C-alpha cells in the first residue's frame, strides 16, 4: 500500500525589498532560503502594480500564473503564487480527480482531501466473481468465508448450512443432530461437509452404539455413521454373522455375499448333518436379503 500526503496548496514565500526607490518581490520555494538562487524568483514592481505571481516549487521548476504542472503523484495549478493541488497522478499517469477513487488492473487509486491536505493512496485489491475487494475485506462465496489479503484471497472459514454463522478453517460444531465440519485437507484446500450424528437407515435415525434389528438383521451404529452387521435374529434366536446352526430340524444361516447380508432358514431331514442340509439347500430362495 502506498500513501502520499501533501498540503492542498503550496504557498511561496514573498518578500519585498526596496533598493534606491526600485521595488521588487522575491519569491522563494516553500521551505527554501531567500539566498537560494536556484529556488527563487525576483519580480520587479513597476508603477506600483503587482502582477499575478508565478509559482516556484523546490527543485521542480517555475510556473506562470494559471499554468498547470505535475510533480511526482500530484497535479497542480499555479494561482497567483500558490501551487494548488487539482488532482492526483498514478504511476501509469492516470489522473484521479480530487475526492475520487477508481480501480485499474487490480489496483485501487484514491485521491482524497482531509483538512488542508491531499492524500494519494494506492492499494492492491482482490477480485472475485466480478467484485473488487480491499485488503482486509471479508466476503462470502458459496459455503466459504473469504478474506482479501496482501497475498491474495484466503479461505478463513465455512458458513453453516442455512445459517449466517460460520466455522473457522479446521473447526467443527454440532448443531442439533448434525456435525458441521470445515476441514483443511492435506493439499491446503478447505472442504465443508455436514454429517448426521449417528446412523440413518431407511429414514430412521439411530444413535452411536445403538443396536437395532431390521427384518431379521441386527445392526449397531458406529462412530463414523456406518452400520456394523452383528448377526441375524429370528423368534428370539440370535446368530452371529457367519454362523450356521441346526436346531430342532431347522437350519439357520446368517452370512454375507459381498455387501449383502442373508438370513436363511429351512427344514433339514431327520438324520442328515448340517453340512449335508446346507449343500442340498443351494438354489433355495433366502427369506431375508438386505444390503448394508
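Bear in mind that the values in this text are calculations on the coordinates, not laboratory data. Bear in mind that the values here come from a model prediction, so they are computed numbers and not experimental data. Please note: Cβ atoms are built from the backbone with ideal geometry, for glycine as well, and neighbour counts cover all protein chains shown.
Miscellaneous remarks
- Based on Cα contacts under 8 Å between residues 6+ apart, the chain shows a relative contact order of 7 percent.
- As a size descriptor, the averaged projected area of the C-alpha convex hull of segment 184-279 was calculated at 8.7 nm².
- CD proxy at 222 nm, helix term only [per DSSP H run n ≥ 4: -39500 (n - 2.57); per residue of the chain; nearest 500]: -500 deg cm²/dmol
- Once you reduce segment 161-207 and segment 79-113 to the center of their Cα atoms, the two points are 49 Å from each other.
- Hydrodynamic radius by Kirkwood, which averages 1/r over all alpha carbon pairs of the chain, in angstrom: 27.8
- Sequence of 56, 107, 50 once ranked by neighbouring C-beta atoms within 10 Å, starting from the fewest: 50, 107, 56
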